[in-house]
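Comments concern the structure below.
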Amino acid sequence: MKLNSNKLICAVALMAIGFSASASTFYNDTSLYNANLLQLGDGVQVGNEVSLQGKWSLTNFSFEYYSPDLALNSSLNVDVRFYLNNGTITNGHPTPGTLIYDSGLFYNTALGNLPTGSHTVNYFSADLYSGPGINLPAGFILPSDFTFTITFNNFSTNSMYLPLANNTTGFATGPQYVTSFGDYWLYRNGSWTLLEATGNTPANFLVNMAGVPEPSVFYLGAVGSAILLGASKLKRKR
């Protein structure tokens, strides 16, 4: 019966490994586009604050933009940053404070021009954990409240927009993990301002985030119970 016991423990261990290693989408509002656009200023940071349930290690981040121009300036680039919301209070809410991730200039002349029209910019694990900017540390768990910002630089005479989505909690076909708030942070001239889009339109940017979920206390408790139950059964059969 010792062999069976080892099999049981190995099976539970594999379940735990599979659970922690399987990346899945925990936020996706790209299907909730509300037919509105936020026009961007050159070099101006804009960001959404999100409230996250559960513990997640980020593996993928993407956002959508739009430009009506036939071609974009060859020196146009984009920068994504993540902040803890632990700054000074503005409009009754803590502003983005501690910078925890900075992608650096994701596109520039050396990497090729950004496409015009509607396009998605993707950041993968290599960009998040070993890119040219300020990287997330290995094994990093996203905080329960954070802000991501998007900045386009050097678009000259181009017009750049972020499509907007309605508010969502989690995403339409999955568990409820993330709450969006419908407003956005603007950083300009050294200070943060919390704003709403014109006409009270929800101003959530079209974003997709995926990551590796950390085992919950409930899950670990269930695993422990399974091990104890298996050991108890094996003991009675001796």
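The table below lists the values:
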item: Which numbered condition Asn122 misses (of (1) crowded, with 17+ Cβ neighbours inside 10 Å; (2) at pLDDT below 95; (3) part of a strand (DSSP E or B)); result: (1)
item: In the range 172-218, residue modelled with the highest pLDDT [restricted to those that are loosely packed, with under 13 Cβ neighbours inside 10 Å and part of a strand (DSSP E or B)]; result: Ser191
item: Test: Arg238 is over 30 Å from Ala138 (Cβ atoms) and at pLDDT below 75; result: yes
item: Residues being over 23 Å from Val212 (Cβ atoms), part of a strand (DSSP E or B) and of a type outside the set (A, V, I, L, M) - total across the range 26-54; result: 6
item: Set Pro94, Pro143: member being within 22 Å of Ala203 (Cβ to Cβ), modelled with pLDDT of 90 or more, under 12 Å from the mean Cα position of the chain (by Cα) and not β-branched (Val, Ile, Thr); result: Pro143
item: Boolean, Leu136 is under 16 Å from the mean Cα position of the chain (by Cα), modelled with pLDDT of 90 or more, buried (at least 17 other Cβ atoms within 10 Å of the Cβ) and farther than 24 Å from Gly43 by Cα; result: no
item: Residue in the range 9-20 that is within 30 Å of Asp102 (Cβ to Cβ), at pLDDT 75 or above and outside any loop (DSSP other than H, G, I, E, B) present; result: no
item: Subset of the range 122-171 [closer than 25 Å to Thr198 by Cα and among the hydrophobic types (A, V, I, L, M, F, W, C)]; result: Phe146, Phe148, Ile150, Phe152, Phe155, Met160, Leu162, Leu164, Ala165, Phe171
item: Counted residues, the range 55-74 - those being closer than 23 Å to Leu128 by Cα and part of a loop (DSSP other than H, G, I, E, B); result: 1
item: Ser130, sole failed condition from (1) surrounded by 15 or more Cβ atoms within 10 Å (Cβ to Cβ); (2) free of Cβ contacts under 8 Å to residues at least 24 places away in the same chain; result: (1)
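The values are calculated or read from the model by the stated rules, or taken from the named source; none is laboratory data. The shown structure was predicted, so the numbers you read here are calculated from the model rather than taken from an experiment. Ideal geometry is used to build each Cβ from the backbone, glycine not excepted, and the neighbour counts take in all protein chains shown.
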